[in-house]
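I have placed the structure first, in the form of structure tokens, so that the comments after it can refer back to it.
The values are calculated or read from the model by the stated rules, or taken from the named source; none is laboratory data. Remember, it's a predicted structure, so these values are computed and weren't measured experimentally. Positions of Cβ are backbone-derived with ideal geometry, glycine not excepted, and every protein chain shown enters the neighbour counts. Side chains are part of the model used for accessible areas, which takes the heavy atoms of the whole protein and leaves out ligands, DNA and RNA. Shrake-Rupley method; radii C 1.70, N 1.55, O 1.52, S 1.80 Å.
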Amino acid sequence: MNRSTVNCLKSLVVFLHFLCWLCGAFVVAFGIFQGMHSKFGSLVTTFWPIFPANTLVVTGTIVTCVCYLGVLGGMKENRCMLISFFLLLFILMLVELAMAVIFLVFSRKIDTYFEQDLMQSLETYRQSSSTGNLTLKADLDAVQHLFKCCGVHSEQDWQGDVPISCCIEDPCNVASFSFWPDGCLLKLKDWFSRNYLSTGAGVITMFIIQFICLSVTIPLFCHFSRRRLGYK
């Protein structure tokens, strides 16, 4: 492999690693934005660690750090950095595949936990004083108002103590009002499904870029190893 080919390959490696770094940074920013504007976080405490915003932030942060190592390794022609980048990114890709399998295998259990969390949040709302659990109350009120639903399965979940956020009329007559007939469970599950779909599409795109990065890193690392270069 002559020097011009090596320089071309090196430029390609640096460019792809930098592109991967940008994708990771964008994923982190999008996850933070999604978390700041989400009104439903306190309602699903059981699988909060795999909440879409949290998944994006954690995955994006790891990808950003790993790809930064790849950019430096390509620029400095450092074999140690390149092999560290290769191993870390390979492990990260395996973790991403494992997470995808877990979501597919345990999707029904996640639905069950989702329903249990919503029912527990509703009961906490009902039993709280006027000044207690304000965040949870605000989130549940926001869900019922935005999705035009009432309760988890129906308004009967409130056992006669229906909050004003279930009201259909606008403005609402506090003394006597009608409420949305649909429960929030199915509507929230659809919302989470759409969010996980967009999260999954982003992770798949990043996975493809990561695979390309690994593919172009191998020949450059092999060239450095044959010439015994890249440790200075």
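Brief remarks follow.
Quick grid of which residues meet (1) open to solvent by 50 Å² or more (accessible area, probe 1.4 Å); (2) within 22 Å of L188 (Cα to Cα):
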site: F114; (1), (2): no, yes
site: M119; (1), (2): yes, yes
site: S128; (1), (2): no, no
site: Q144; (1), (2): no, yes
site: F147; (1), (2): no, yes
site: V152; (1), (2): no, yes
site: D157; (1), (2): no, yes
site: S165; (1), (2): no, yes
site: I168; (1), (2): yes, yes
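- Where helices (runs of 4 or more DSSP H) fall entirely within the stretch 1-106, those with at least 2 residues that are closer than 30 Å to Q120 by Cα, modelled with pLDDT of 80 or more and not hydroxyl-bearing (S, T, Y) are at 52-76.
- Residue in the stretch 65-78 that is closer than 25 Å to C222 by Cβ, surrounded by fewer than 17 Cβ atoms within 10 Å (Cβ to Cβ), among the charged types (D, E, K, R) and out of contact with any His (no Cβ under 9 Å at 6 or more places or on another chain) present: yes
- The single condition among (1) at pLDDT 80 or above; (2) over 24 Å from S130 (Cβ atoms) that L197 does not meet is (1).
- In the set (1) at pLDDT below 75; (2) of a type outside the set (D, E, K, R); (3) surrounded by 14 or more Cβ atoms within 10 Å (Cβ to Cβ), W180 fails one condition alone, (1).
- Residue check for M93: in contact (Cβ under 8 Å) with a residue 40 or more places away in the chain and open to solvent by 60 Å² or more (accessible area, probe 1.4 Å): no
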